[in-house]
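**Student:** Take a look at the following structure, please.
Here, each number is a calculation from the coordinates, and none is a lab measurement. Computed from a predicted structure; not experimentally measured. Neighbour counts run over all protein chains shown; Cβ positions are idealised from the backbone, glycine included.
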Amino acid sequence: MPTTLPFDRTQIQPGDRLCVALSGGADSVALLLTLQAANAAKHNALGVGLSAVHIHHGIRAEEADADERFVEDLCIRLEIPLHLHQANVPQRAAANKETLEEAARAIRYDFFHTLIASGHADTILTAHTLDDQAETVLMKLLRGAWTEGLSAIHPVVVVNNQNQRPGKILRPFLHTRRADIEAFLRSQDQPWREDSTNADTAYTRNRIRHQLLPQLRDYNPNLAHILGNLAELAREEESRWQAELARTLPQLLLPGKPVRGGGRAVPTAPGQSQTSIAIELDRLRALDPALRRRVIRAAARQLGARLSFDETARLLAFCGFQPYPPVGSPTVAARTGATLQLANNLRAERSPRELRLSREQQA
């Protein structure tokens, strides 16, 4: 067994300040050891500054305290600087009506962004594996995701928010299997921490990991790679479509409502958001079905609303582009003056020439 694991170094440059998200689990411990060894190599060394970050989520009580001590001891032994952050995930989850998983993830990434903005790191590295990718693709598929959702975990995420230093989040183990990581650690006599909640099948991801994926591997033992390939294809397809939409949308989307004598009524007050978008039906009709669907969804997104597959199909039927709405959806006649109420306070209206989308702004 080699002293390091293969990892994607294409986004890592000499002089970068890398910070590994270190939970104490096998994946993150292996990533830290691998980067340290690569940075110390005599030939083709990374030449980077290396640190780690550990977040205590305020859950799992003594187990989480033991995780923190393990991480501290590991970083002391490896002489790697460690950033510690104490959080209260249950409090955030209750305040924002989030699940514990959602709140924990939001807290982690908020702190990652803080490290980048403060100059402590240029790049945060997380130890997501090929198995994590496969689980995420299946989870997204079961929830009815579009191609952007099926792209799942991205290998590179650019952090370039307003008033923040630019940076990146990298996943260099995204093509590495979890079994290979654990075999590597055992060969190094390196222990790791096990999160007891990973065995709790009350969580959807854990049911997929422990129940669904093992059954599906009976049909194809190479399933993790197949799902990883699907994520990569979806990511490339989505990138291509986003470029096409950036070119097309300015020619199609019209703000506000038409007014007598020409022109359109749009918000003019400083800071007032756009609440209405229109699209000429003839221009929609000239598009192929795939682009037409994406234009409809992009228009809704500009108003802050996300359309499901069925809602998009209802809108297309509303415009007369599909003969039937999805099974179980109410039929709305495609006629002038008709209206259609959708989720997220989104409302559609037909005029003789346009589809108009508007969204009531909640107080």
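**Student:** Can you work out the FRET efficiency for the pair N344 and S118, with r the C-beta to C-beta distance and R0 = 41 Å, to the nearest 0.05?
**Tutor:** 0.70
**Student:** If we count other beta carbons within 10 Å of each Cβ, what is the order of I169, I124, I76, I12, fewest first?
**Tutor:** I76, I169, I12, I124
**Student:** Can you give the angle from 0 to 90° between the axis of helix 309-318 and the longest principal axis of the chain, with both taken from C-alpha atoms, to the nearest 10?
**Tutor:** Tilt of helix 309-318: around 10 degrees.
**Student:** Relative to the present Cα-Cα distance, how much length would full extension add between Q211 and E244 at 0.36 nm per residue of separation?
**Tutor:** 7.9 nm
**Student:** Provide the percentage of antiparallel DSSP beta bridges, counting only those with both residues in the chain; round to the nearest 5.
**Tutor:** 60 percent
**Student:** Spin-label point model (7 Å from Cα, Cβ direction): what's the N39 to E62 distance in nm?
**Tutor:** Those two pseudo-labels are separated by 3.4 nm.
**Student:** Taking the beta-carbon count within 10 Å as an exposure proxy, list K97, K168 from fewest neighbours to most.
**Tutor:** K97, K168
**Student:** Would you please report the Å³ per residue occupied by the convex hull of the alpha carbon atoms in the chain?
**Tutor:** Hull volume normalised by residue count: 185 Å³.
**Student:** Taking only Cα atoms and a 10 Å spring cutoff, compute GNM fluctuations for the chain and point out the largest among V29, V157, V71.
**Tutor:** Evaluated over the chain, the most mobile residue of the options is V157.
**Student:** Let me ask something additional. If we sort 285-293, 84-92 on the protection proxy, mean other Cβ atoms within 10 Å, highest first, what's the order?
**Tutor:** Result, highest mean first: 84-92, 285-293.
**Student:** May I pose another question? At 7 Å along the Cα-to-beta-carbon direction for both E101 and L142, put a label point, then send me their distance in nm to one decimal.
**Tutor:** For the pair E101/L142, the computed spacing is 0.8 nm.
**Student:** Let me ask something additional. Tilt of helix 100-117 relative to the longest C-alpha principal axis of the chain, in degrees (0 to 90, nearest 10)?
**Tutor:** It works out to around 80 degrees.
**Student:** Moving on. Taking other Cβ within 10 Å of each residue's Cβ, how do T339, T34, T204 sort, fewest first?
**Tutor:** With the fewest neighbours first, T339, T34, T204 line up as T339, T204, T34.
**Student:** Further question on the same structure: Any idea what angle helix 223-252 forms with the longest principal axis of the chain, computed on alpha-carbon atoms, 0 to 90 degrees, nearest 10?
**Tutor:** Compared with the principal axis, the helix lies near 40 degrees.
**Student:** Taking only pairs that are 8 or more places apart or on different chains, how many Lys pairs in the chain have Cα atoms under 30 angstrom apart?
**Tutor:** The result is 4.
**Student:** Counting only helical runs of four or more DSSP H residues, what would the 222 nm mean residue ellipticity of the chain come to if each run contributes -39,500 (n - 2.57) and the total is spread over all its residues?
**Tutor:** Counting only the DSSP helices, I get -13000 deg cm²/dmol.
**Student:** Would you mind telling me which residue in A343, A299, A37 has the biggest mean-square fluctuation in a Gaussian network model of the chain, where springs connect alpha carbons within a distance under 10 angstrom?
**Tutor:** Judging by the Gaussian network model, the answer is A343.
**Student:** For Cα pairs less than 8 Å apart in space and 6+ apart in sequence, what is the mean separation divided by the residue count of the stretch 17-239, i.e. the relative contact order in percent?
**Tutor:** Relative contact order of the stretch 17-239: 23 percent.
**Student:** Could I ask something else about it? Under a Cβ-only charge scheme (Lys and Arg +1, Asp and Glu -1), can you give me the dipole magnitude of the stretch 148-225 about the Cα centre, in debye to the nearest 20?
**Tutor:** Using Cβ point charges on Lys, Arg, Asp and Glu, the stretch 148-225 gives about 220 debye.
**Student:** I've got another one for you. Give, rounded to the nearest 20 debye, the magnitude of the charge dipole that the chain has about its Cα centre when Lys and Arg contribute +1 at Cβ and Asp and Glu contribute -1 at Cβ.
**Tutor:** Dipole of the chain, to the nearest 20 debye: 2000 debye.
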